[in-house]
Amino acid sequence: MLEAIGAALAGVHFGVPLAYYWRARGWLRRGWGIREDGGYAPRVTVVIPTYNEAENIARRLDNVYQQDYPRDKLEVIVVDSASTDGTADIAERWARQHPDLKVVVLREEKREGKAKSLNRALRLASGDVVVIADADALWAPDALRRAVAKLADPSVGAVSCVKKPLAAYGIEDGYRGYYNVLRVAESKAWSTPIFHGELAAFRREALEAVGGFPTDIGADDSHTATLIALRGLRAIVADDVACGEAVPRRGYHAWRIRRAQHLLQHFWKVLTRPKTPRQFKAILYTEAYLHVVNPWLLPAAVALLLTSALTGSIPAAALLGIGAVMTAYKPYRTWMAAQIYLIAAAVRNLWTKEIVWQKHDKSNGHGAEDPAIKASAPTPRGAEP
Ligand code: GDP
Ligand code: MN
């Protein structure tokens, strides 16, 4: 009996994401259903939130400067939360050296989290489009232009990028391949509930309509995009908008757990919303299930199977054996790691929300000559979960 329940739980744990992934692959073949306009060039405000980003900020500003978007339509706001490493000074010096780009450096007196800073910048932004650009990220040279072109369609409220790690780091590679496929597929089907702060472009009115960025949870980018989708505009991750992110070498696990905490906070909060547009229901509820509930089926299944195996069940022992052998297969290991991060994150959320988080050392996590970010339109690679 126990072994049957254990096997069923394991079946659901692996079956639901596999079925969803299979269905999403089908969505990938669809068109976007978006009327893009390459000639659409609204005023754009790029917001770079910083806390101790001295080693990244100049490179980040260079990367914005090198975008193939009309520079006179561009405004950059660096909003710095009392960095102690001179980030704001470096940004100001950079601004003086580049008088042909409007750069405003906002200095906050104390650090109260990224979302508060973003809201402060939003109040000052003059653009019709507001784009979040994390300091430790880079964009492909055409990323901004391609993202903005999609916002020319009035049905689109927010656009984000497909992510590539800035340095190869085993697990993160596989993780990105699989999740990029899902993000793009969901976006083609209608909208995705997961956005990336590395490049998150919002139609300004849509942003204001949802009250700016939420300050009570960590995933400000995903949550804001999802609120916009809940109001009926599309929130998409576009496959021709590429960004790279620095991945920490040290403290990698803590980093993944903190980000998982933020995602869980986001899904918890979204699930309390009264109305979901029809096209968004399957996507939002499946993703919420996959993040909040599905991970827990794994330890439950293992516990039941282990109990049965120890009391002599051959099938239970066989299933556990298969599970152990499968760890030779990298996508499986990647999947298992993600489940463990989500479970640890749920537990950790009980005592800390990590709204103001520790900065991770990413000093070896990127190289300026990263090839991935030079390619304008990477196709997301598929990997089984
Ligand atoms: P991760 O991408 O989720 O690992 O988060 P990061 O640590 O890279 O932070 C994302 C962006 O937000 C970076 O540009 C940070 O410098 C910035 N950031 C983090 N905390 C704060 C904060 O308290 N205030 C401001 N203004 N920016 C912050
Ligand atoms: Mn980051």
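The values are calculated or read from the model by the stated rules, or taken from the named source; none is laboratory data. Computed from a predicted structure; not experimentally measured. Only protein heavy atoms, including side chains, enter the accessible area calculation; ligands, DNA and RNA are left aside. Shrake-Rupley method; radii C 1.70, N 1.55, O 1.52, S 1.80 Å.
Rounded, prolate or oblate for region 26-140? Axes are the square roots of the Cα gyration tensor eigenvalues, ordered a ≥ b ≥ c, and the cut-off for rounded is a/c under 1.5. Prolate, since a/c reaches 1.5 and a/b exceeds b/c. Ligands, DNA and RNA are left out, and with a 1.4 angstrom probe the accessible area of region 116-237 is 22 Å² per residue. Measuring with a 1.4 angstrom probe and ignoring ligands and nucleic acids, residue 136 comes out at about 20 Å² accessible. Put simply, the Cα atoms of region 20-80 extend 43, 31, 17 Å along their principal axes, the longest span coming first.
Taking amide H positions as placed in the peptide plane 1.01 Å from N, state which residues far from residue 131 in sequence (5 or more) or on other chains have amide H under 5 Å from it. Result for residue 131 returns 45, 46, 47, 202. Scalar couplings 3J(HN,Hα) for region 108-120, obtained by applying the Karplus form with A = 6.51, B = -1.76, C = 1.60 to θ = phi - 60°, are 8, 6, 9, 8, 10, x, 5, 4, 4, 5, 4, 5, 4 Hz; x denotes Gly and Pro.
With protein chains left intact and a 1.4 Å probe, residues in region 1-96 average 47 Å² of accessible area per residue.
Could you give the alpha-carbon Rg of region 74-186 over 2.2 N^0.38 Å, rounded to two decimals?
Against the compact-globule rule of thumb, the ratio is 1.24.
For region 212-252, a/c is not less than 1.5, where a ≥ b ≥ c are the root eigenvalues of the C-alpha gyration tensor, and a/b does not top b/c. That puts it in the oblate class. Taking a ≥ b ≥ c as the square roots of the eigenvalues of the Cα gyration tensor, region 242-337 is classed as oblate, since a/c reaches at least 1.5 and a/b does not exceed b/c. On a C-alpha basis, how far is the centre of region 279-330 from the centre of region 86-134 in Å? Whole number, if you could? Going from one Cα centre to the other spans 45 Å. Convex hull volume of the C-alpha atoms in region 185-301, normalised per residue: 133 Å³. Inter-part distance, region 1-27 to region 221-277, computed on C-alpha centroids, equals 23 Å. Rolling a 1.4 Å probe over the protein heavy atoms gives region 257-372 an accessible area of 53 Å² per residue.
Per-residue ellipticity at 222 nm computed for the chain from its helices equals -16000 deg cm²/dmol, with DSSP H segments shorter than 4 residues left out and the rest contributing -39,500 (n - 2.57). Residues 55, 112, ordered by accessible area of protein heavy atoms at a 1.4 angstrom probe radius and largest first, appear as 55, 112. Measuring nothing but protein heavy atoms, the accessible surface of the chain at 1.4 Å probe radius is 58 percent carbon and sulfur. Ordered from highest to lowest accessible area with the whole protein assembly present and a 1.4 Å probe, 35, 23, 59 read as 35, 23, 59. Calculated on the alpha-carbon coordinates, the convex hull of region 177-221 measures out at 92 cubic angstrom per residue. For the chain, taking the reciprocal of the average inverse distance between every pair of different Cα atoms yields a Kirkwood hydrodynamic radius of 21.6 Å. Accessible area ranking (1.4 Å probe, heavy atoms, ligands and nucleic acids excluded), largest first, for 75, 109: 109, 75. For region 133-245, count all C-alpha to C-alpha pairs, find those more than 17 Å apart, and express that count as a whole percent of the total. Beyond 17 Å sits 51 percent of the P(r) for region 133-245.
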